[in-house]
Amino acid sequence: MRKWWLGLMGILVVGMAGGSYWYYDAHQTIMTGHLRATTFALVSSAENSSLDYQKQYRYIEDIHDGRGYTAGIIGFTSGTGDLLKVVERYQKLQPHNRLVKYLPALKKVNGTASHHGLGAKFIRDWQTAAKDRKLVQAQDEVLDAMYLKPAVRAAQADGLSPLGQYIYYDALVVHGPGNDDASFGGIRRAAKQRAKTPKQGGDAQTYLRTFLTIRAGVMRQESAHHDLSRVNTQWQFVVAGKDKLQVPLSWKMYGQAFTLTRAKLNQLKW
């Protein structure tokens, strides 16, 4: 037992002596607690111009980005299929709810910007249904399964801290989980071709700046994402050494100033 323990301590000491804290940082995650609330507040500032992410479960509108309706806490869309997954999950948690009747329409409009079979009635019913904790739960479960858990897994595999986990998560939310050049998988692949991850012995700041540079290039090609506030905010945190997303955090998103403190975090959490 003593040899095993000394061996483990040796690995950790060597890693820390080499300037790499990846083992410690990568085992802190944004899945729960203050780090989850911090991450959700940051994303909400970009998606909804508000830190109060708890109020965004009822959000819905067409932002004219070619993806139909954008709805819920991270902007699930009717055109990409994740909004359909939320309503399907809601049906399992709460059968015979007011959104079930829209399932056929959501399946038909998947992959398009169409509102056919949805429209104003769907908007009203979504906003009403969002008062039900079961729809909140459905959104959280789809969010975790499709975006948050994959982001954390990928970040841990690359030896990234909570800041890197948030950066990966935000990229997954915006660009989707695919592997083409414009999706999260493609952006990550290109970054790893240009810079070593901390797990590979590279410098975390250098790698994350590389990732953000590639992501910025992808965003400039999309009319809905020409404003690089999200990337600029993350770059600011990287340079400032906010590797654990430690508060206070101050940033600007699309010209609006935000400050997140411990007291504000406590207000935002359930």
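The values are calculated or read from the model by the stated rules, or taken from the named source; none is laboratory data. Predicted model only: the values in this text are computed from it and were never measured. Every residue, glycine as well, gets a Cβ built from its backbone with ideal geometry; the counts of neighbours run over all protein chains shown. What goes into the accessible areas is simple: the full protein's heavy atoms, side chains included, and nothing from ligands, DNA or RNA. Shrake-Rupley method; radii C 1.70, N 1.55, O 1.52, S 1.80 Å.
Before moving on, here are some points about what is shown:
- Put a dot 7 Å past the Cα of S49, heading toward its Cβ, do the same for K107, and the two dots end up 3.8 nm apart.
- Correct choice for mean projected area of the Cα convex hull in nm² that was computed from the model, options [x] 14.9; [y] 15.9; [z] 16.9: [y]
- Between D62 and T70, the built amide H atoms are under 5 Å apart, and every one of these is 5 or more places off in sequence or on another chain.
- Spatial offset of region 53-74 relative to region 89-139 amounts to 12 Å, using the alpha carbon center of each.
- The phi-based Karplus calculation (6.51 cos²θ - 1.76 cosθ + 1.60; θ = phi - 60°) puts the 3J(HN,Hα) values of region 163-177 at 4, x, 5, 4, 4, 5, 4, 4, 5, 5, 4, 7, 9, x, x Hz, whole numbers, x for Gly and Pro.
- Counting only heavy atoms of the protein chains and using a 1.4 Å probe, H226 has close to 110 Å² of accessible surface.
- Length-normalised contact order of the chain in % [C-alpha pairs under 8 Å, at least 6 apart]: 18 percent
- Of A120, A151, A129, the one that fluctuates the most in a GNM where the chain has Cα springs shorter than 10 Å: A120
- Surface share of carbon and sulfur [accessible, 1.4 angstrom probe, percent] for the chain: 53 percent
- Accessible area of the chain divided out per residue, in Å², using a probe of 1.4 angstrom: 48 Å²
- Heavy-atom accessible area ranking, 1.4 Å probe, most first, across I187, I214: I214, I187
- Of all the options R230, R36, R220, the one that moves most in a Gaussian network model of the chain with Cα springs shorter than 10 angstrom is R220.
- Surrounding net charge for K131, when Lys and Arg each add one and Asp and Glu each subtract one, Cβ distance under 13 Å: +4
- On Cα atoms only, tilt of 184-194 relative to the major axis of the chain in degrees: 20 degrees
- 5 angstrom amide H check on G81, placed H, neighbours 5+ away: G111
- Net length gained if the chain between Q127 and Q28 were fully extended (0.36 nm per residue, minus Cα distance): 32.2 nm
- Per-pair calculated FRET efficiency, R0 = 22 Å: R58 and K269 via Cβ, rounded to 0.05: 0.75
- In degrees, nearest ten, helix 2-17 long axis to first principal axis of the chain (Cα): 80 degrees
- Within the chain, helix-based [θ] at 222 nm, where runs of 4 or more DSSP H residues each add -39,500 (n - 2.57), nearest 500: -16500 deg cm²/dmol
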